[in-house]
Amino acid sequence: MNIDHLLTAQGLRSFTEKRRDQHMRDARAYGQLADILARRLRRTPVDGDKPWSARVRAWRVVRHLRAMERASKQAASEAEALNADYQHQVLELPERRQAALEAKENKKDRNAERARRRKGAAHGYVARSLEQSTARFNGGHGDVQDVEVVSEDAVYLEPEPFLRAVGDGSEGVARPRSVRDYFPNDGGRNGGREAGRGGAR
């Protein structure tokens, strides 16, 4: 067996195909032999058998052929897995690594380009904002309209709570100083107190 040829894609493929086919032929042979032997043993009684003795005896003998059949099928499956893993883990590995490296570099370039675009957009926004601010400071209109500020005269409270007509005879009259000054002394309770105070004096 040429090992160098075996370690190539075509060489290992040819080897695993032959092993797979051989194992599948063996599995079919084991299965057919198990069926024939099981039927023969079930129909061949032995002195002293009980009703189910022949079937139990056939199963105990044939189960080994069934195990050989399963093992051959598993060997055929493993032959296919051997070829698939060798292709994926050995022969295709350099190409996959190169593709992953290129994808990583492309992603890095895309991220750098995206960062440059964001940085350029931010610089442009700052430049436009500075231009607008400079124009406003230098007397430019920009987007802000001048608002005329109108000053209003101060409003003071009226010192007198009521209006007096000019020439109504109230000139020279003392202004009221308390609530009692607004009500005349009608001789009531307050009047009696005032009178009592006067009498006491």
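The values are calculated or read from the model by the stated rules, or taken from the named source; none is laboratory data. As the structure is a computational prediction, the values presented were derived from the model and not from experiment. Positions of Cβ are backbone-derived with ideal geometry, glycine not excepted, and every protein chain shown enters the neighbour counts.
Here are the numbers:
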item	result
Qualifying residue in region 15-37 (condition: over 30 Å from Ala76 (Cα atoms) and free of Cβ contacts under 8 Å to residues at least 60 places away in the same chain)	no
Any pair with Cβ under 6 angstrom, 6 or more apart, that starts in region 56-82 at a residue that is closer than 17 Å to Leu33 by Cβ and ends at one that is among the β-branched types (Val, Ile, Thr) and surrounded by fewer than 13 Cβ atoms within 10 Å (Cβ to Cβ)	none
Which listed residue is within 30 Å of Thr16 (Cα to Cα) and not hydrophobic (A, V, I, L, M, F, W, C), from Glu78, Glu102	Glu78
Residue that is farthest from the chain's Cα centre (by Cα), among those in region 55-78 that are under 12 Å from Ala27 (Cβ atoms) and aliphatic (A, V, I, L, M)	Leu65
Residue match in region 47-70 (condition: loosely packed, with under 10 Cβ neighbours inside 10 Å, in the same structural domain as Arg13 (by TED's automatic domain parsing) and either of a type in the set (Lys, Arg) or in a helix (DSSP H, G or I) (or both))	yes
Filter pass, Ala29 being at pLDDT 95 or above, surrounded by 13 or more Cβ atoms within 10 Å (Cβ to Cβ) and out of contact with any helix residue (DSSP H, G or I) (no Cβ under 8 Å at 6 or more places or on another chain)	yes
